[in-house]
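Each remark here refers to the structure printed beneath this line.
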Amino acid sequence: MVSLSDRSNKYWSGRASEFSGLRMKDYESSMRSAYENFLLAFLPDNKKGISVLDLGTGAGFFAIILRKLGCQVTAVDFSSEMLAQAEINAQEKDARGISFIEMDAQNLTFPDNSFDFIITRNVTWVVEDAEKVYYHMHRVLKPGGTMINLDANYGKSFKESDDKGETPTHPTQTLEQLRERNAIAKECSISKEKRPSWDVDLLIDLGVSDIWVHLDLDKKLGLEAANCPYISASNNTKSKIFVVVAKKI
Ligand SMILES: C[S@@+](CC[C@H](N)C(=O)[O-])C[C@H]1O[C@@H](n2cnc3c(N)ncnc32)[C@H](O)[C@@H]1O
């Protein structure tokens, strides 16, 4: 029987080229500077050379931004096809020296206390065991380091939409892909959780010091559909992106 992880890997790998196209359009839009400024607010002043992990890098959007800010970037993803796209994008954007590694976010093999800063976006909603992802993020973060999760309760909203009998739509995915996406999300236990309260509780249990939460990142970054035509064309979910930032003691 095919495991959920293998199924998910197949889904993301099948999207590598099309997904990369979307993220590189983002990179060329006002999103890049919006996200860069957002990251700068949490990065230390002496950010040059700090060790950063981009977890579930996809097409490398954050890895490229952080490398261009001077950080030493490690970017992991479990899909070799996504990583291949990310490497091409990094070369094209002249962000050399990123270390791209194929790895499962639920079982990071880095030693404890490896990174000063960890970013992950839109990954925890689609993993079988998000608790494990948080455990490893916290484990590989150095004491005093910062971890940031940008995510939304996509699985929950896809399920609600399916339950209403709605047909999923997306500017670049086929209906077959969207049905597979929704089926995978339904199998992920995190889709049943109230987020980001669930995330905050977990981080408290892991023993972090400060936690900062924001419930509508697009609004915070001025990227709402009303002021950003590109977003209104590409954002087809009803879920708001939240931010959870935590510091390790
Ligand atoms: C929605 S994309 C987000 C990509 C990138 N973080 C971004 O924001 O542009 C989700 C990514 O997570 C990766 N992913 C999903 N499950 C994973 C896992 N268990 N381990 C590592 N990567 C995973 C997928 O291959 C895909 O590249």
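Starting from region 50-65, keep only residues that are closer than 21 Å to N107 by Cα, then list their pairs with residues that are in a loop (DSSP other than H, G, I, E, B) and near the ligand (Cβ under 9 Å from one of its atoms) whose Cβ atoms are within a distance under 6 Å, requiring at least 6 positions of separation or different chains.
L55/A105; G56/A105; G56/V123; A63/T57
Out of the residues in region 84-137 that are more than 10 Å from the ligand (Cβ to nearest atom), in a helix (DSSP H, G or I) and aliphatic (A, V, I, L, M), which is nearest to D151 (Cα to Cα)?
The qualifying residue nearest to D151 (Cα to Cα) is M137.
Residues to consider are D26, D77; find the one that is closer than 24 Å to V140 by Cα and among the acidic types (D, E).
D77
Got a sec? Which of D129, D201 is modelled with pLDDT of 95 or more, of a type in the set (D, E, K, R), more than 18 Å from D77 (Cβ to Cβ) and out of contact with any helix residue (DSSP H, G or I) (no Cβ under 7 Å at 6 or more places or on another chain)?
D201
Which numbered condition trips up L223, out of (1) more than 16 Å from the chain's Cα centre (by Cα); (2) among the aliphatic types (A, V, I, L, M); (3) modelled with pLDDT of 95 or more?
With (1) more than 16 Å from the chain's Cα centre (by Cα); (2) among the aliphatic types (A, V, I, L, M); (3) modelled with pLDDT of 95 or more applied to L223, the lone miss is (3).
Which of the helices (runs of 4 or more DSSP H) contained wholly in region 1-80 include at least 1 residues that are within 8 Å of the ligand (Cβ to nearest atom) and more than 21 Å from K247 (Cα to Cα)?
4-14, 16-27, 61-68
The values are calculated or read from the model by the stated rules, or taken from the named source; none is laboratory data. On a predicted model such as this, the values are computed, not experimentally measured, just so you know. Methodologically, a virtual Cβ is constructed for each residue, glycine included, from the backbone with ideal geometry; neighbour enumeration extends over all protein chains shown.
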